[in-house]
Amino acid sequence: MIRKLLASLILLVFMVGAASAQELKPVGFFLKDSVKIGESISYSLSYKDRKNRPVFFPDSLYDFSPFELLDKQYFDTQSDSINSIDSAVYHLATFEIDTVQRLSLPVFLYTGTDSLELYSLMDSIILDQVVTQMPDSVNLAETSAYMPVSLEFNYPYWVIGLIVLGILAVIVLIVWGKAIQKKIKLYRLNKQLIKFKEQFDLEIDELMTDTTKIKIESVLKFWKGYMEKLEKVPYTKLTTKEIVLVQQSSSLEETLKSIDKNIYSPIEVSALQNDFEFLKDYSEDRYNHVTEEIKNA
């Protein structure tokens, strides 16, 4: 009799030790029986454990498939002298079309060197099908009314277009750059010549009524200014002698000296109009010389 009682006591101690060695499962369940696609559904998770043992619940980094986490609520630990209860509510949504969808969540029990993963029992929820049967055909309302739609600027195409234009511009400059520069330069020189001749003719006509030294100097300075732009030589700062050294032209020398006599001589000298007509023709000759050099460069 005593032996049986002792054996029963030993068996009871062993069973209690085995039960205490096995950790309890967390409790997890949905707070509703059904849910619509995209609708928020709450899932409660709680775990009872010995007091002061670290327990961690799933957070936003956890994979809640087939559900997606919308929000979560953690509650303060409730403890007595022996045990503690931790709990949380997860607000989930599903976009899957399975009629029955299931979920089991774990808690992570920290054991000192590692963590023990304990899962709740699987709970299920029924998907509430809003459209139970698709019709064979759908009656669509037809309308021909114009609906204004705001246009959006297509920035990617705009950027691609600019890049293409830039590449084409570089190719054009590489292949035809010099020819284009020559044409632009010749065009500008031609416009300058036309403008010079028109204005110079007016200046010569005014000499018929105004032969003062100031007027003669003004017309000569106007000619020098054009020649300076044409040949990139500082004519306005050069004397007649210096201009002749540059141009090496006897006809130009005679003309400039004749004009100088009209400016500096106390005696009135004629042939002013002929002298300035020569300067106009000489300028056009130098224009042809400069343009030929540009074309043959």
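The values are calculated or read from the model by the stated rules, or taken from the named source; none is laboratory data. Bear in mind that the values here come from a model prediction, so they are computed numbers and not experimental data. Glycine gets a Cβ as well: all are built from the backbone with ideal geometry, and neighbour counts include every protein chain shown.
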State whether one or more residues within segment 103-110 are at pLDDT below 90 and more than 30 Å from residue 296 (Cα to Cα).
yes
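Go through 143, 132 for me and flag whichever is within 24 Å of residue 66 (Cα to Cα) and either at pLDDT 90 or above or not assigned by TED's automatic domain parsing to the domain that holds residue 35 (or both). Break it down into steps so the answer makes sense when it comes.
Numbers: 143 fails: within 24 Å of residue 66 (Cα to Cα).
Answer to the selection: 132.
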Against the conditions (1) crowded, with 16+ Cβ neighbours inside 10 Å; (2) modelled with pLDDT of 90 or more, where does residue 192 fall short? Just the number, please.
(1)
Quick count over segment 203-240, residues being basic (Lys, Arg), within 18 Å of residue 283 (Cα to Cα) and either touching a His at 6+ places or on another chain (Cβ under 8 Å) or in a helix (DSSP H, G or I) (or both), is 4
Go through the residues of segment 154-167 one by one and say whether even a single one is polar (S, T, N, Q), surrounded by fewer than 14 Cβ atoms within 10 Å (Cβ to Cβ), free of Cβ contacts under 8 Å to residues at least 60 places away in the same chain and more than 24 Å from residue 273 (Cα to Cα).
yes
Per the list (1) more than 60 Å from the chain's Cα centre (by Cα); (2) at pLDDT below 90, residue check on residue 255 breaks on (2)
Does residue 280 satisfy the criteria of being over 55 Å from the mean Cα position of the chain (by Cα) and not acidic (Asp, Glu)?
yes
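For (1) in contact with a strand residue (DSSP E or B) (Cβ under 8 Å, 6 or more places away or on another chain); (2) of a type in the set (Phe, Trp, Tyr); (3) loosely packed, with under 15 Cβ neighbours inside 10 Å, each residue gets a yes or a no:
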| residue | (1), (2), (3) |
| --- | --- |
| 57 | yes, yes, no |
| 63 | no, no, yes |
| 69 | yes, no, no |
| 77 | yes, no, yes |
| 83 | yes, no, yes |
| 86 | yes, no, no |
Suppose the filter is touching an Asp or Glu at 6+ places or on another chain (Cβ under 8 Å), assigned by TED's automatic domain parsing to the domain that holds residue 121, modelled with pLDDT under 90 and of a type outside the set (S, T, N, Q); does residue 51 pass it?
yes
Which pairs have Cβ atoms under 6 Å, sit 6 or more apart or on different chains, and link a residue in segment 58-69 that is assigned by TED's automatic domain parsing to the domain that holds residue 29 to one that is surrounded by 11 or more Cβ atoms within 10 Å (Cβ to Cβ) and part of a loop (DSSP other than H, G, I, E, B)?
58/105; 66/96
